Each structure stands twice: as C-alpha cells, then as structure tokens.
Amino acid sequence: MKSLGSIRRDFAPWNDPNAKPYIQFDKVTKKFGDFTAVNNLSLTIFEREFFALLGASGCGKSTLLRMLAGFEQPTAGRILLDGQDLRGIPPYRRPVNMMFQSYALFPHMTVEKNIAFGLKQEGMPASDIEKRVAEMLRLVKLEQFAKRKPHQLSGGQRQRVALARSVAKRPKVLLLDEPLGALDKKLREETQFELMDLQQELGLTFVVVTHDQEEAMTMADRIAIMDKGEVVQVATPAEIYEAPTSRFVAHFVGNVNMFEGKVAERAANTTRITGATGAQIVVENAADAANGADIVFAIRPEKIKVSSKKPADAVNALQGEVYDVAYLGDMTVYHIKLDDGQIVRASALNASRVTEDPLTWNDRAWVSFRPDAGVVLTR
C-alpha cells in the first residue's frame, strides 16, 4: 500500500517484509541514577534512510543518538549496526560519525585543513587526502572558500564545513544532533534541501535529532516521535501528520482541532459522534471505536472551511462567531468560537488578492468539513 502524501524518492524498505534493518535498538533502556532517559525502547532504521528523532527537550532523543555513537552505554538492551552488537566498541572504532550543533571547527585551520584533519589522523596518504578534500568541497559547494578560516565564513558556510568534515571519512552512518539550530530561518530552510541532496548523493544513512517539526517533516523519510523516553509513533511525515495514532502525536505535530465526544451510532462507512453539548458530527476513519466509546475527532485547520452562510451540501456544519483573525500573507487563520463554547482554528489559503467572502471579528460564521477530513482517536 502506498504511503499517504508525496514521497521524494522511490525508497520504502520498511514496507518490505524481507528487508533487514541496518540499525536496531532492541529493548534499550538508559538510566542516569533514578532518572530513566530511555525506557525499554525498540526501533529499526534501514540502510540509506534519512531518519529523524523528533520530540521535546528531555524526551531522550539525544541520549539515543549518543548511545549509537558510543558516548553513552545502554543500561539494558542492545544496539546493533549491520547485525553487529555495538556494546563495548568505543566511539572511534564505530563506523559512525557525529555532527554537533556547535560544529566544533578548528579556528586556526583553513576550511580544507579542517576537512582533512580526520583523514590525516587515520593515516590516509597525502594524495588521497587531497582528492577526498576536493570532493567534499565540491559536494558542499565551498571550493572558493578552501583557504578561508572559520571566522571568515557565514553560519551556513561553517555548517557545511562541519558537514564535509563529518562525511569525509565515509562513515556508514552520520548522526546529526540539531544540525541546523544555529542558522536563521531562511538559511535553515535552504540547508534542509542541501542535506537531503547530499544524503542521496553519498548514499549514507542519516539519523537526525531535532525538536523542529518542519525540519523533520521536510528532510526525513520516516520520523520517530518520542515522549518521556519512549517512541509513540514511527511513520512517514505525511502519515504522522494525516494519520496520528494518539492525541499526543496529533497535538505535537502541527496545529489541530479536537472534538471530544462519544460514538452514538456506527454505519457501514460512517460514524455519528455526539459531543458533550449534544452537537453531532458524522465522520469516517473511526477505526474500531465501539458504540458508546469516548473518542476524539482530530482535524487539521486547513481541512475546515469558514463561510458566512451555511454550505448547502455540508455534512458537518457548526455555527459560531469570529473570535480572532490573523492575516499571514499566504493564508488567513480564523479562530471561531462555536455556540457551545469550543474555539476552532481554521486556515484559508489566500489564492487571490480579493477575498470573496470577507469575515472579520464578531461576525457570525459557519465552519464545515468533510466526514473523511480528520481521524478518530481512541487514546
């Protein structure tokens, strides 16, 4: 079955039952005294995958990365790379490299010498080092900056030098801990696509830790959402966004509206839900929610239409008052306070310069949506 949403390359080994994982976290636990940073976690990552660990600060994602790098040892469980148990193998003997947010460039060395440093440490012949450094400079588009020192570069250029140095030794896996955190928004967006292109050209496995949802959604083939040392969902970016499996994931990734209620009636393809105030909506995607079950219907703001008149063909239409309006250029965000008191967030794309159905503060308005526009969550 094809994944939801667009996929930037024909690559989905996780859907192949015969594909062998390249990295395996097998019931891994990591404790620091009485604090459990990672709790009985199992996770698989495939070769050549761009994988993201996404979560709030303190959820255990960086600890997981550091254990894979060898800077921390699991309290329990195993970590395997290409079938080999990594326990007891020091960081410098693991076929992985780690790129930190600080970049840690040598200030007294030129760009080319920074890139060559690890290769010299390994005893690579000078002629081979020269060729490898030239290749790395070409990959990160810094050929003309080879003789400059880090303080003579912009933040984005320093980030690319650190990246070139990290991949120069041709590790099997590159670990990136908040790699774009020091860049401004526009440069961060540009660098995300550069990282994706570089990863595909090199054919390496990238594992990135980030708390930036947009960053993970843009770059990763799959995302693992973490909370309190556990993985709560692993899926492609589109599946994480369109089909979250819990309230936590739905809330954590993007904006979402939650309609609390009970399953009133199940039909062949639809389910009728009754809210606390008696308002009813008809939905699809109700999974195995039984009659009378307490559920939440989660729907994204862009799936909700706002209008001054009730749409004639709307299956689900609720009335309220415009509580707030935010014009963001490419879209307008409305906060509608429904008659039962719930505030609904809806976003409308500004596809034309003239608004056909203008709405402003305190106007009466209708919000409407399709039965298949959201997802029913039971946990």
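Values in this text are rule-based calculations from the coordinates and carry no lab data. These numbers come from a predicted model, not from an experiment. Here the Cβ positions follow ideal geometry from the backbone for every residue, glycine too, while neighbour counts run over all protein chains shown.
The table below gives the values:
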quantity	calculated
Protection-proxy order for peptides 266-275, 223-232, each taking the mean of Cβ atoms within 10 Å per residue, highest first	223-232, 266-275
Tensor-based shape of region 20-60 (alpha-carbon gyration tensor, a/c under 1.5 rounded, otherwise prolate or oblate)	oblate
Cα-Cα over 32 Å, subset of Lys113/Lys186; Lys262/Lys305; Lys141/Lys228; Lys228/Lys310; Lys27/Lys303	Lys141/Lys228; Lys228/Lys310; Lys27/Lys303
Order of Thr277, Thr210 under a 10 Å beta carbon neighbour criterion, fewest first	Thr277, Thr210
Global geometry of region 142-226, whether rounded, prolate or oblate, following the gyration tensor of its Cα atoms and the 1.5 cut on a/c	oblate
Distance in nm between pseudo-label sites at Asp197 and Asp372 (7 Å out along the Cβ direction from Cα)	3.7
Helix-only CD estimate at 222 nm, as mean residue ellipticity for the chain, using -39500 (n - 2.57) per DSSP H run (n ≥ 4)	-6500 deg cm²/dmol
Principal-axis tilt of helix 111-121 within the chain, Cα atoms, nearest 10 degrees	70
Euclidean distance of C-alpha centroids, region 298-342 and region 30-72, integer Å	39
Overall form of region 320-373 per C-alpha gyration tensor (a/c, 1.5; a/b vs b/c)	oblate
Antiparallel bridge percentage (DSSP; both residues within the chain; nearest 5)	75
Size-normalised alpha-carbon gyration radius of the chain, reference 2.2 N^0.38 Å	1.18
Environment charge at Asp82 (Cβ cut-off 12 Å; Lys +1, Arg +1, Asp -1, Glu -1)	+1
